[in-house]
Amino acid sequence: MSSSTNNTASGEPTKTSGQFHSVKGTVVETVGNLTGATSWQQSGKQEHAAGETEYNAAQAKGYVEGTADRVAGKKDTIVGAVTGDKTQQASGNARHDKGEAQQDINS
C-alpha cells in the first residue's frame, strides 16, 4: 500500500489516480477498523490522504494551465483583431474558450 502523493507512471498528479488512491485508502482503513488491524487502519489513512493530496494538486495544475490558455488566447485574439488576421483571432478565441473550460472543470 503506497503512501506516495504521486502515483502515476508519468510523475504528474492526476485526478483519476488521486481519486483511486483516496477510495482505496478508505477501503483499507475500513477493513482495518473491522478487523482491529491498526497497521491497516494507519496505512489506509495514509493512502487516503495521499490520494486527496494528489487530486488537489492535479486540480490546481489544471486550473493554472487553463489560466495560461485564457491569457494566451486573449492576446492572440487582440493581436489578430488589430492586425486584421482573422485566423489568429479565431485561434485565440478558441484557445481562450479552451482555457475557460479547463478552469471551470478544475474549480
_segment 54-64: number of residues that are among the aliphatic types (A, V, I, L, M) and either more than 19 Å from N106 (Cα to Cα) or open to solvent by less than 50 Å² (accessible area, probe 1.4 Å) (or both)_ = 2
*Can you name every residue in segment 75-86 that is open to solvent by less than 100 Å² (accessible area, probe 1.4 Å) and of a type outside the set (S, T, Y)?*
D76, I78, V79, G80, A81, G84, D85
_Residues located in segment 11-22, provided they are over 18 Å from N106 (Cβ atoms) and either small (G, A, S) or not in a helix (DSSP H, G or I) (or both)_ = G11
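Rundown of residues vs (1) assigned to a helix (DSSP H, G or I); (2) open to solvent by 50 Å² or more (accessible area, probe 1.4 Å); (3) aliphatic (A, V, I, L, M), yes/no style:
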site: K24; (1), (2), (3): yes, yes, no
site: L34; (1), (2), (3): yes, yes, yes
site: S43; (1), (2), (3): yes, no, no
site: Q46; (1), (2), (3): yes, yes, no
site: E52; (1), (2), (3): yes, yes, no
site: S91; (1), (2), (3): yes, yes, no
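Being among the β-branched types (V, I, T) and surrounded by fewer than 14 Cβ atoms within 10 Å (Cβ to Cβ) is true for just one of T67, T38. Which residue is that?
Matching residue, one of T67, T38: T38.
The values are calculated or read from the model by the stated rules, or taken from the named source; none is laboratory data. Computed from a predicted model, the values in this text were never measured in an experiment. When we count neighbours, we look across all protein chains shown, and the Cβ atoms used for this are built from the backbone with ideal geometry, even at glycine. Accessible surface areas use protein heavy atoms only, side chains included; no ligands, DNA or RNA. Shrake-Rupley method; radii C 1.70, N 1.55, O 1.52, S 1.80 Å.
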